[in-house]
Structure formats: C-alpha cells, structure tokens
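The values are calculated or read from the model by the stated rules, or taken from the named source; none is laboratory data. Values in this document were obtained by computation on a predicted structure and should not be read as measured data. Using ideal geometry, Cβ is built from the backbone for each residue, glycine included, and neighbour counts are taken over all protein chains shown.
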Amino acid sequence: MSKSKNQNSKINIEIDENTAHGTYSNLAIINHSVSEFVIDFISIMPGQKKNQVKSRIIITPQHAKKLSNALDANIRKFEESFGSIKNYDNPKYNLNFGPTGKA
C-alpha cells in the first residue's frame, strides 16, 4: 500500500468530556433483527424499583460480529494477564440488592 493511500485511511476520533467519563453498566440486554443489533446497557442499583437504560447502541450484524471478535480477543489478553474471569450463571444475590436503608 502506498504511503499516501495509508495516510488517507486514518480516522480522526474526538470524544467530548461527558462521554469520556463513561457510563457504568452492570447489565446488558441484546436484541436483534435481520438488519441490526440493539444493545441496551443498564445500571441496576440498590433500592431502585425501576432501572433505566443508560445507553443504547445500535449496530449492523457485521459490526456486531467484529465487536464479538474484539471482545473475545481482549478477554483472552485480560485472562492471560490477570487470570480467569469467573462466570456466575446463578448469582447468589437478588438483582434488586434487597430492601433500601432507612435513616
């Protein structure tokens, strides 16, 4: 590939301050149609009767596959460095974290 062609393929990406801080999520719900994948990120916190979707990402099936491959590769690298990630299929806690505290 020529040098000029390679320089044209670079993508400049900016991130605003609010987005850079990120959004915490401890639950993701994924749905799909023939043309898109919809990933809802939810934060479940103690005492909340209703938990809201904090972020919704809509991607094509091709990008969903690329995301899956990238996550797999990064999880492998993480586990090589820090050990196996434990998967709790049936957590021993209730997702609503129990009753709320009283002052």
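When you scan region 14-33, how many residues do you find that are touching a residue at least 12 places away in the same chain (Cβ under 8 Å) and over 21 Å from residue 88 (Cα atoms)?
Going residue by residue through region 14-33, those that are touching a residue at least 12 places away in the same chain (Cβ under 8 Å) are 23-29, 32.
Narrowing the set further to residues that are over 21 Å from residue 88 (Cα atoms) leaves 23, 32.
Going through region 14-33 one residue at a time, the tally reaches 2.
Could you check region 17-77 for strands (runs of 3 or more DSSP E) lying wholly inside it with 1 or more residues that are closer than 22 Å to residue 87 by Cα and at pLDDT 95 or above?
On the way: elements: 27-32, 37-42, 53-59.
Correct list: 27-32, 37-42.
Could you tell me whether residue 36 is acidic (Asp, Glu), out of contact with any strand residue (DSSP E or B) (no Cβ under 7 Å at 6 or more places or on another chain) and surrounded by 11 or more Cβ atoms within 10 Å (Cβ to Cβ)?
On the way: acidic (Asp, Glu): yes; out of contact with any strand residue (DSSP E or B) (no Cβ under 7 Å at 6 or more places or on another chain): no; surrounded by 11 or more Cβ atoms within 10 Å (Cβ to Cβ): yes.
So residue 36 fails the test.
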